[in-house]
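The values are calculated or read from the model by the stated rules, or taken from the named source; none is laboratory data. These figures come from a predicted structure and were not determined experimentally. In this analysis, Cβ positions are derived from the backbone assuming ideal geometry, glycine residues included, and neighbour counts consider all displayed protein chains.
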Amino acid sequence: MPETVRSFAKINIGLCIGRLRPDGFHELRTVYQTIALHDVIRVEVKRGTGIEIRCADPRVPRDDSNTCYRMVDIAMAALKARGRAVVNIEKRLPVRGGLGGASSNAVAALVALERVLKKKLPGPEKLRIAAAVGSDLPLFLIGGTVLGLGRGEEVYPLPDMPALPWVIATPAIAISTPQAFRDWDARGQQPDRADARTAIAAKLTGSTCSDRITEFGRAVSAWLGSQYRDRIRSSSGVLAHGKGRAESPLLELVHTGIENDFEQVVFPQYPELRELKRVLECAGAVYASLSGSGSAIYGLFSSQRKAEQAVAKLRRQGTAALVTTTLTRLEYWKQVWRQQD
Ligand code: C5P
């Protein structure tokens, strides 16, 4: 029997790029958050051999460069399964948009395949296979708010946070993540004036790549600690201070000042993306940022009405945008398996 699942997108709330490691990856720190936008993945196993990828979107590869192909290839062997695996991808998320669509699709294909075959891989093995296919796959085996360490593949669930409205702008720009990392590295070799200032500041303060990574960790740890210290949890799920002030944990997280380093290389190449961030901020976003290496830009809003007004503004300017919400871990898994309409 075929299995159909939803494959959700993520955004990065802050992304700190560290040193280039001997394995060719960069050390990275980020907070991933799953959101309620999704593709639909349908998997079946027929008689025969091989893997077939079907997708109406010509930008999606059908060969072994497709993350679903690589995932199913490894998973079929790990599950000691035989047959011709057919993966149908209904693409709704932007391709190369920084929302993790291809990574999410591969994880959705894995969990659907397990159901089709009525076999399960142990959780740690699934995480290992996901990490072998790509750095931001494992987060989709956790869902909700997730801390990403290592090259982004080492994932730890963070406490769920009450949902707030998010606006996601998806400009028609495809950005290559490996290229964005290369551009990040090249920055150090040909410093512009801003870089030179950063370099001087780094010299003065002694701050290095690893210091920045440590600082990111400190900001997130301090935020996590503050969620529990000196506070009581109100019945609405909002964390309240003893003196009555209450703020959503999501707002508190973005107020730690964590930023996405990719903005420093992507915005100079695509000034229209910096402008989109500015539009969101002017429309009242509490926090706006590039997601991953882009091109999606998101804004966090304190009310649905403000978020809808921001979307209307972006659309009038010719940019695709919509209002969505974050998905808690429980909601993520409920929605992955929810019957298709
Ligand atoms: O793991 P993933 O397939 O997403 O990585 C694609 C490419 O992005 C890697 O080959 C590498 O060039 C770059 N990358 C990196 N550091 C990371 C993640 C990805 O340099 N932490």
inquiry  = Condition check: within 16 Å of the ligand (Cβ to nearest atom), of a type in the set (Val, Ile, Thr) and either touching a strand residue (DSSP E or B) at 6+ places or on another chain (Cβ under 7 Å) or closer than 17 Å to Val133 by Cβ (or both). Does Thr4 satisfy that?
reply    = no
task = Take the stretch 260-278 and flag every residue that is more than 18 Å from the chain's Cα centre (by Cα) and not in a helix (DSSP H, G or I).
result = Tyr270
task = May I ask you to verify whether Asn66 is more than 25 Å from Glu125 (Cβ to Cβ), within 16 Å of the ligand (Cβ to nearest atom) and modelled with pLDDT of 95 or more?
result = no
remark   = Only one of Gly18, Gly50 is touching a strand residue (DSSP E or B) at 6+ places or on another chain (Cβ under 6 Å), on the phi > 0 side of the Ramachandran plot and surrounded by fewer than 23 Cβ atoms within 10 Å (Cβ to Cβ), namely Gly50
ask   = Does the stretch 1-35 hold any residues that are over 13 Å from the mean Cα position of the chain (by Cα) and either in the same structural domain as Gly292 (by TED's automatic domain parsing) or more than 16 Å from Gly148 (Cα to Cα) (or both), and which are they?
value = Met1, Pro2, Glu3, Thr4, Val5, Arg6, Leu20, Arg21, Pro22, Asp23, Gly24
message = Quick check on the stretch 84-91. Is at least one of its residues within 24 Å of the chain's Cα centre (by Cα), crowded, with 17+ Cβ neighbours inside 10 Å and over 18 Å from Arg6 (Cα atoms)?
response = no
task = Would you mention how many residues in the stretch 112-144 are more than 16 Å from the ligand (Cβ to nearest atom) and over 21 Å from Glu44 (Cβ atoms)?
result = 7
message = Cβ contacts < 6 Å: first residue in contact (Cβ under 8 Å) with a residue 24 or more places away in the chain and of a type in the set (Phe, Trp, Tyr), restricted to the stretch 12-34; second residue within 12 Å of the ligand (Cβ to nearest atom) and not in a strand (DSSP E or B), any location; separation 6+ or different chain. Result?
response = Phe25/Arg151; Tyr32/Leu139
task = Could you tell me whether Lys126 is surrounded by fewer than 17 Cβ atoms within 10 Å (Cβ to Cβ) and basic (Lys, Arg)?
result = no
note = Selection from the stretch 169-197 of residues modelled with pLDDT of 95 or more, away from the ligand (no atom under 16 Å from the Cβ) and touching a helix residue (DSSP H, G or I) at 6+ places or on another chain (Cβ under 9 Å) yields Ala169, Pro171
query = Just wondering, is there one or more residues in the stretch 23-43 that are surrounded by fewer than 18 Cβ atoms within 10 Å (Cβ to Cβ), within 16 Å of the ligand (Cβ to nearest atom), aliphatic (A, V, I, L, M) and closer than 30 Å to Ala219 by Cβ?
reply = no
ask   = Which is of a type in the set (Lys, Arg) and within 15 Å of the ligand (Cβ to nearest atom), of Arg54, Arg19?
value = Arg19
key: Long-range neighbours under 6 Å by Cβ, at least six apart or interchain, first residue more than 13 Å from Ile213 (Cβ to Cβ) within the stretch 143-158, second assigned to a loop (DSSP other than H, G, I, E, B) and within 16 Å of the ligand (Cβ to nearest atom)   = Glu153/Ser135
query = Among Gln309, Gln335, which is surrounded by 13 or more Cβ atoms within 10 Å (Cβ to Cβ), out of contact with any strand residue (DSSP E or B) (no Cβ under 9 Å at 6 or more places or on another chain) and on the phi < 0 side of the Ramachandran plot?
reply = Gln309
